[in-house]
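Read-outs: derived from the displayed coordinates by stated rules, not from any lab. Fair warning: this is a prediction, and the values are worked out from it, not measured in the lab. With ideal geometry, Cβ positions are generated from the backbone for all residues, glycine too; neighbour counts draw on all protein chains shown.
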Amino acid sequence: MADDENKPAPEDKVQPPERQYAENRAELRQKQAEPPKTGHVWDGIEEYDNPMPRWWLWTFYITIIWALLYTIAYPAWPLVRQATPGLLGYSSRADVAQDIDSVRARNAPLDTRIASMELDEVVHDPELFRYAVAGGAAVYRTFCSQCHGSGAQGAVAFPSLLNDDWLWGGTLDDIYWTIAHGVRNENDPDARWSQMPAFGEILDRSEIDSVAQYVLALAGRQHDAAMARSGEELYLDNCAACHGDDGLGDRFQGAPNLTNDIWQYGGSLATITETITYSRFGVMPSWADRLTEAQVRKVTLYVHQLGGGE
Ligand code: HEC
Ligand code: HEC
């Protein structure tokens, strides 16, 4: 009983569209001779059974025929091991291989010349030089940028190749040797090699602090003058053999110039103290065994012309 009271009276209900428009629809149906219906009905919507336009059907049939012919002519249907090869024998992989071969064949004489000429002869042959630098840039992007940076600007522990502050020398022959054989790696007997001692085992704490102040002074950085003065003698006794009496470095040993405020590891007091205490061991891979002779020479020419070449 209580339930019935809550139900709305029947006349409050909204009339369904079917009944509201019943008369109109009946009129319409009479006015228009309607096409036949398929008999499908969704929510009161009925489906006409109109034929597809002829142009549409023909386009549809032509695309089917085209697709079938295409799968006969070109590789298409997947089989267990590979797809059907197609009557034309086309393969995108063979296409690319052919392109690569033709570029290689075109460049081979240039690469042979670069591999057999003196490097500074290449520099004086404008066309060959342009080719070499472009090729060297590609080698650089693939094999060197992860350490030396995409613009060769370097990063902490990885020297910039843009400036004329060279650890191991900036002539074409120096750069060539560094790239071909690398630095402090175990797999190339011709790798450049040297080792700064870890002075934590040689000097005491206050001596390291003094000599670190002297390094700051050499670089023209803010420093404690009194400590630097006492650090000078320690420097001459312990460091000058490699870094030079005046701190200009020594390229035979890859000992960096300490006077120019360009740092491989960092020029803060904390970092310099760390370098002196524990030393460093920068490793650069050798490339002679991984790249062709022409590639090593091209990337040498590329690095040399970046700005610091001598
Ligand atoms: C895995 C990292 C790494 C890669 C890759 C690498 N280098 Fe180096 N490279 C170094 C390090 C570290 C040094 C510094 C070695 C040292 O402390 O003396 C260096 C030094 C050099 C130097 C000597 C710089 C100087 O001041 O004398 C040149 C030139 C150079 N790299 C060129 C290249 C080229 C060209 C490539 C690519 C073919 C390359 N490097 C790839 C790590 C790398
Ligand atoms: C046996 C030679 C040798 C001696 C002695 C030596 N060094 Fe070095 N020093 C090097 C080499 C080589 C490097 C580069 C290390 C590397 O890249 O792995 C270097 C790097 C450095 C650096 C890092 C520079 C930068 O750009 O980040 C500092 C600072 C430095 N030395 C200071 C000193 C001081 C101070 C002493 C003396 C207490 C000293 N060195 C003694 C060979 C030496």
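Some values worked out for this structure:
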{"item": "Rh by Kirkwood over Cα pairs, then Stokes-Einstein D for the range 35-89 at 0.692 mPa s and 37 °C, µm²/s", "result": "224"}
{"item": "Folded to 0 to 90 degrees: helix 172-181 orientation relative to the chain principal axis, Cα", "result": "70"}
{"item": "Inter-label distance, nm, simple model (7 Å from Cα along the C-beta direction), residue 205/residue 290", "result": "4.2"}
{"item": "Simple spin-label estimate for residue 105 and residue 80 in nanometres, 7 Å along Cα-Cβ", "result": "3.8"}
{"item": "Cβ-based charge dipole, the chain, positive-most Cα from 69, 278, 288", "result": "69"}
{"item": "Simple Cβ-charge dipole of the chain, Lys/Arg +1 and Asp/Glu -1, about Cα centre, in debye nearest 20", "result": "1480"}
{"item": "Compactness of the chain, expressed as Rg and Dmax over alpha-carbon positions, Å", "result": "39.8, 116"}
{"item": "In Hz, Karplus ³J(HN,Hα) per residue of the range 291-304 (6.51, -1.76, 1.60; θ = phi - 60°; x = Gly, Pro)", "result": "10, 6, 4, 5, 5, 4, 5, 5, 6, 4, 5, 4, 5, 4"}
{"item": "For the chain, with +1 on Lys and Arg beta carbons and -1 on Asp and Glu, the positive-most of 87, 185, 303 along the dipole", "result": "87"}
{"item": "With Cα atoms, 0 to 90° folded angle of helix 22-31 axis to the chain main axis", "result": "80"}
{"item": "Sequence of 205, 297, 93 once ranked by neighbouring C-beta atoms within 10 Å, starting from the fewest", "result": "93, 205, 297"}
{"item": "Cβ-placed point charges (K, R +1; D, E -1), dipole of the range 164-278 about Cα centre in debye, nearest 20", "result": "180"}
{"item": "Value in Å of the Kirkwood radius, where the range 123-165 supplies the Cα pairs that are averaged", "result": "11.3"}
{"item": "Dipole axis of the chain (+1 Lys, Arg; -1 Asp, Glu on Cβ), positive-most option in 157, 103, 52", "result": "52"}
{"item": "Amide H contacts under 5 Å for residue 157, placed H, 5+ residues apart", "result": "265"}
{"item": "Label point distance in nm, residue 92-residue 281, each placed 7 Å from Cα along Cα→Cβ", "result": "4.8"}
{"item": "By average C-beta atoms within 10 angstrom, highest first, the peptides 98-109, 276-287", "result": "276-287, 98-109"}
